[in-house]
Structures are given as structure tokens and as C-alpha cells.
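Have a look at the structure below, then the notes.
None of the figures in this text is laboratory data; all of them are computed from the coordinates on show. What you see is a predicted model; the values in this text were computed from it and never measured. Cβ placement follows ideal geometry from the backbone for every residue including glycine, while neighbour counts extend to all protein chains displayed.
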Amino acid sequence: MGIMIYAVFYVLLNRLKTSREVESLDLPNCHLIKGIEAGAEDIDILPNGLAFFSVGLKFPALHSFAPDKPGGILMMDLKEENPRALELRISRGFNLASFNPHGISTFVDSDDTVYLFVVNHPEFKNTVEIFKFEEEDNSLLHLKTIKHELLPSVNDIVAVGPAHFYATNDHYFSDTFLKYLETYLNLHWTNVVYYSPNEVKVVAEGFDTANGINISPDQKYIYVADILAHEIHVLEKHPDMNLTRLKVLTLDTLVDNLSIDPSSGDILVGCHPNGQKLFVYDPNNPPSSEVLRIQNILSEKPTVTTVYANNGSVLQGSSVASVYDRKLLIGTLYHRALYCEL
């Protein structure tokens, strides 16, 4: 029994990449974004250059630099010469005090209406919030709160319609203790769910810890990051919205959120080189940051290059990287955010 426990623990250490360190690969034209002090876990950018940030995420046992401040949604106009991050006002009736935003996704309808989908954890529960973005006064009109038994532990989301999305569950259970047990035992029970007003169903399963999700520019493929398996899964999307696994790309890092470069279709990945540092926070030995670019993921040998890496001296715990018109935004789980001109 002791040997079995040791073996399970050893496997967990490997999944967390506890011995990995990175050498810094900094970019020349970068600065920390003012007003983001406690994480920008996810970022999504509209075709017109408006970038949305999900800020202030809190989780049990996860470090926070602002534990008593609710989360919010910030916006930055990347077409401005010196863009600033502004917090968006949210319509009355929405519970701002318990707002705990996680993954986000935008959808632009045929009439140019912009919808913002937000994974929310009020009081550490699981909902998906749908907002309408009102650009004239930089505000969000809350339209709908979605709860469902097939969404017990939502992490990230990709919108495919005005009330339609794919979402990842990073755990099978919603109970905190059972989540820890599930992770420790490496059960591979996490999944991807498709939601629409008419149908909700599991469309892919068997992941270690399903995390970031996104869609290819041609809408044919769904990409899913499996963070503790260090993998990106490519799934083919069918007319009935079901998914079929095509291939798996294995990387030497913990892969978090996925963004698509609109000019090339390349995948940008926010990564955690060492998961132990991320979850056991030590200010004297902080978590590092890493951003990868993946080109031609459908080919036999995709090209993987490091775009940015830092040992934690500038940016701690990178969770997402998004690019627009030679501007790069890098967000983190609970630290700062970086703006770079490429």
C-alpha cells in the first residue's frame, strides 16, 4: 500500500513539473498594465481591437493579492496609441459582490451585437453569465445566468452562438474534497460540454484536467488544453456539434488558456512551467511564466516556439496570451498583466 501511495505521489509531482525551471526570454517593448494587480486569468480580443480581461479570480487554497475585492471585467482598446485598461460597468441587478470571473469568450452576431460569455464562481459555485456589450457607454448588460448539472466545475468557454457555447469542466466533481481526491488519483474524468437553449450534452471526455478551449478560424476544429497532462487536443466539430478527437500534441509544460492569432491561425498558449510553484505560493521563489506559439497544429510535426518566458521576476503564473496587430497581451492567474509591442 505504501509503495502504491508513493507511486501516485510521484506521478502527481511529474504532472506538476515540480523540478522544471525556465530561462527568461523577455521581450523588449513591454510594460505591466496599470490597474491589474490580482490576476487577469483570461483575455479575449474582438476583431476591432477591443480586448476584454477577466480579473480577480479566487479559488480555495489558491493565492490572491486581493482576497477581499470582487472580480471584474476590464477592457482595453488596442487601436489607441497608449491604451489603458478600464473597468466595465455592469448593469443593475447583477450580484457584483460575489462576481468571481474565470474563462471568457466573445461572440459577434450577424447584426454586430457583441456578447460576452463569462465563467463565474460566485461563492465558489459554477455558473455561466451572458452579457451584451454596450460600447457607447463601456458597459455590460447582464442577460442570463446559466446553471446545469453537466457544468459542475467549469473552467473555460468558447462561444459559438448568442446563447451557445462549448465549455470545459476541469473536475468531474463540484465538492472541493472530491476535486482534490480526483486530481490526486488522476481519474481522467473531465470533459467538454456543448450548451444551447435546446440541448446540453457531453461531447468529449477522458481528459486529465480539461482547461482552456478555443475554436479554429474556420470553425472546423475545437482545441482543448489538458493542463496536468501537458497536452493540447485537436477535436473535429460536426454539424450536430459533437466532437471527434483527431490528434494530441504533448508539451513539456502545464498548458492553460488557448488563444488564436487572427492573422495566422496559430495557437498562443499561456503556460505554467512549474505547477508546484503556482499552487504553493512563495514570494521568494514565485511561479514563472511561459508563452508558446504553435504553428500548423494539424500537420504531422507542428512547430512550437517560445514567445516569452520569465522566471517570475516580472510576471508570475502566466495563464493566457492573446495577440492583435503586433500587440501581445499576457495575463496571469493571480498576478499582473503585460502589454508588449512586437
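Points worth noting:
- Shown here for region 283-342: GluC sites (Glu not before Pro) in loop regions (DSSP other than H, G, I, E, B) with at most 15 other Cβ atoms within 10 Å, namely E300.
- The distance separating the Cα centre of region 53-72 from that of region 195-224 comes to 26 Å.
- The trypsin sites (Lys or Arg not before Pro) found in region 291-342 that occupy coil by DSSP, while having at most 16 further C-beta atoms within 10 Å, are R326.
- Rounded Å value of the spacing that divides the Cα centres of region 287-326 and region 12-30: 11
- Cleavage-rule hits (trypsin sites (Lys or Arg not before Pro)) in region 194-244: DSSP loop, at most 15 neighbouring Cβ within 10 angstrom: K220
- Net dipole in debye of the chain [+1 Lys, Arg Cβ; -1 Asp, Glu Cβ; about Cα centre; nearest 20]: 580
- For region 238-307, the relative contact order works out to 23 percent when only alpha carbon pairs closer than 8 Å and six or more residues apart are counted.
- Structure note, pairs K58/K179; K132/K247; K147/K237; K69/K144; K17/K237; K34/K144: Cα-Cα distances above 26 angstrom occur for K132/K247; K17/K237; K34/K144.
- Protection proxy ranking for 222-230, 160-168, using the average of other Cβ atoms within 10 Å per residue and placing the highest first: 222-230, 160-168.
- Modelled spin labels at F59 and N82, positioned 7 Å past Cα toward Cβ, are 3.7 nm from each other.
- Nearest-0.05 FRET efficiency for D109 and V248, computed from C-beta distance (R0 35 Å): 0.60
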